[in-house]
Structure formats: structure tokens, C-alpha cells
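Just so it is clear, none of the values below were taken in a lab; they were calculated from the coordinates. Since the structure is predicted, the reported quantities are computational estimates derived from the model, not experimental observations. Cβ atoms come from the backbone with ideal geometry, glycine included; neighbour counts cover every protein chain shown.
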Amino acid sequence: MHFTSEKRLDDGVLEREFTLGEIPGVLWTPASASAPAPLILLGHPPLGLHRMYPRLAGRARQAAADGFAAATIELPGSGDRPRWAAAEQARVDLRRALDAGEPVTDEIVDALILPLVEKAVPEWQAALDALLALPEIGGPVGYSGGVISIGIRLAVVEPRIVAAGFYAGSFVPRAMFEEARRVTVPLHVLLQWDDEGNDRQAALDLFDAFGSREKTLHANMGGHTGVPQFAADDAARFFARHLK
């Protein structure tokens with residue numbers, strides 16, 4: 001990990017951009033801390049860190065206000081990272097189906113999501129190795145948001161993650177339902193009831209499949225971009241319970 005820039009935000013949070021090999025990322029740490037801070041990994045959709053920065057920085061500032069460090073990395077095939085042909089074709093097929101009002105087939109979902117999970121999860125684990133080696137970060141670790149299938153796989157294979165907050169708003173391959181049964185960490189799942197891009201019943205079925213003894217579903221009325229502010233407050237309280 002090599003830090004490439006740093007700046008203080010207006011609330012005192014230290015924001016540092018870094019590279020991990022060829023992978024860009026950002027780390028935010030609280031303005032002041034008397035001990036190494038717990039860490040929240042900030043997931044995001046594959047739209048590029050530059051485009052997602054305002055939302056990620058807002059979530060990171062909330063985490064810092066609660067005493068947590070927060071970090072994110074660029075997903076494979078996003079931002080300035082190299083594209084791969086299969087993923088590009090899957091995006092084309094998805095857009096064609098949505099524009100035509102046709103069902104999104106399992107084949108499209110598998111081609112879009114499964115390779116992303118296979119590539120992204122080891123990168124998140126490598127980032128976690130590097131982040132936990134920093135003296136200002138001490139764990140425990142939570143995972144928040146982003147592509148839910150990536151979060152599911154991380155929650156299954158990464159024992160350092162002790163709690164996860166998922167957003168039920170992305171296409172989920174059927175194979176991930178079986179992995180969901182192996183998730184045991186506490187979960188906080190947010191569902192927008194009228195999300196135009198999400199199959200509500202599939203989201204409910206996925207929540208039912210999770211193997212966690214502690215799992216909470218927060219469903220709010222409204223579409224994908226209509227998440228109420230108090231939903232973020234609820235998520236913050238969830239991580240405060242499990243990371244402090």
C-alpha cells in the first residue's frame with residue numbers, strides 16, 4: 001500500500017488516497033483517536049470511485065463521527081481499471097433486457113456478477129491485510145453496502161469481518177443464495193420497498209436464506225434513490241453495537 005495524497009476535510013477527518021498494487025483506494029480516519037480505530041469497509045456499485053466519491057465520503061464522515069475508520073477500493077473493471085470483455089458484454093445484455101422490458105435471465109445475472117465476485121473479494125482481503133497493518137487501525141471490521149453478492153462472499157470467507165450491512169438492491173445469482181446460508185455474522189439489511197431495479201420477492205427470499213442468528217430487515221417505502229436519512233442512522237447504530 002502506497003499513500004498518494006492526503007487532506008483534512010472540514011470536519012477534521014483525514015482522507016488519504018492510496019494504491020494497492022494497481023488498485024486505487026481511499027482511507028478516512030477520525031480527526032482524533034486515543035486508540036487504533038475499528039474499520040468499516042465501504043462497498044459501492046461498479047460505477048467508479050470518482051463518480052461514487054460524494055456518497056462514499058458522506059458515509060465515511062458518518063463512520064468517523066462514530067469513531068471508526070473507513071476505506072474503499074476501486075472494483076475490478078471500474079474507473080480507470082482495465083475492462084474485461086465478458087463483463088462488458090454482460091452489461092450490454094443487461095441494458096438491452098431492461099430497455100426492452102424483458103426479464104433479466106439467470107445467465108445475464110451470472111455473467112455480470114459471479115466474475116466480479118471472484119475478482120473483487122481477494123482484492124478486498126488484500127486491502128484488509130494492508131489496512132490492519134497500519135498503527136491507527138485495529139479492528140474489529142465491518143462491511144457496508146455495495147454489491148450484495150460481494151458482501152455475501154466476504155462475510156463467508158473473511159473471519160475478520162464481524163458485522164455487515166447490506167443494501168438489497170442488486171441482481172443476485174442463484175448460487176449466492178446457498179452461500180447466504182453460510183453467513184453467520186450479524187446483519188443489517190436495507191430494502192427500498194418500491195425499488196424499480198430490484199426484485200422485492202427475491203430480496204425477501206435472500207434475507208430468509210441468511211444463516212445469521214441476528215439479522216434485521218429495514219424496509220422503507222420509496223424507490224432506489226429514496227432512502228430516508230434515518231435509515232443511515234439505524235445502520236450507524238448497528239455498527240456502533242458490533243464494532244465498539
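When the Gaussian network model of the chain links Cα atoms closer than 10 Å, the mean-square fluctuations of PRO186, PRO38, PRO82 top out at PRO82. Computed over the chain, the per-residue total of -39500 (n - 2.57) for DSSP H runs of n ≥ 4 gives a 222 nm mean residue ellipticity of -13500 deg cm²/dmol, rounded to 500. Considering only DSSP beta bridges whose two residues both sit in the chain, what percent are antiparallel, to the nearest 5? Beta bridges within the chain, antiparallel portion: roughly 45 percent.
Considering only TRP193, ILE150, GLY211, and ranking their Cα positions along the charge dipole of the chain that arises from unit charges at the beta-carbon of Lys, Arg, Asp and Glu, the one farthest toward the positive end is GLY211. GNM remark for the chain: springs join alpha carbons under 10 Å apart, and the peak mean-square fluctuation among TRP28, TRP193, TRP124 falls on TRP193. The separation of the range 82-106 from the range 189-230, counted between C-alpha centres, amounts to 23 Å.
Residue exposure proxy: HIS242, HIS44, ordered by other Cβ atoms within 10 angstrom of their Cβ from fewest to most, comes out as HIS242, HIS44. By DSSP, what percent of the beta bridges with both residues in the range 12-125 are antiparallel, rounded to the nearest 5? If I count the DSSP bridges inside the range 12-125, around 80 percent turn out antiparallel. In percent, rounded to a whole number, the relative contact order of the chain is 15, using alpha-carbon pairs under 8 Å and six or more apart. Tell me the label only: which of (1) 20.0, 68; (2) 17.4, 56; (3) 17.9, 60 is Rg and Dmax of the Cα atoms in Å as calculated from this structure? Correct label, based on the coordinates given: (2). Dipole magnitude for the range 91-144: computed about the Cα centre from +1 point charges on Lys and Arg Cβ and -1 point charges on Asp and Glu Cβ, it is near 140 debye.
Within the straight-line cut-off of under 25 Å between alpha carbons, the lysines reachable from LYS244 are LYS215, sequence neighbours fewer than 8 places apart in one chain being disregarded.
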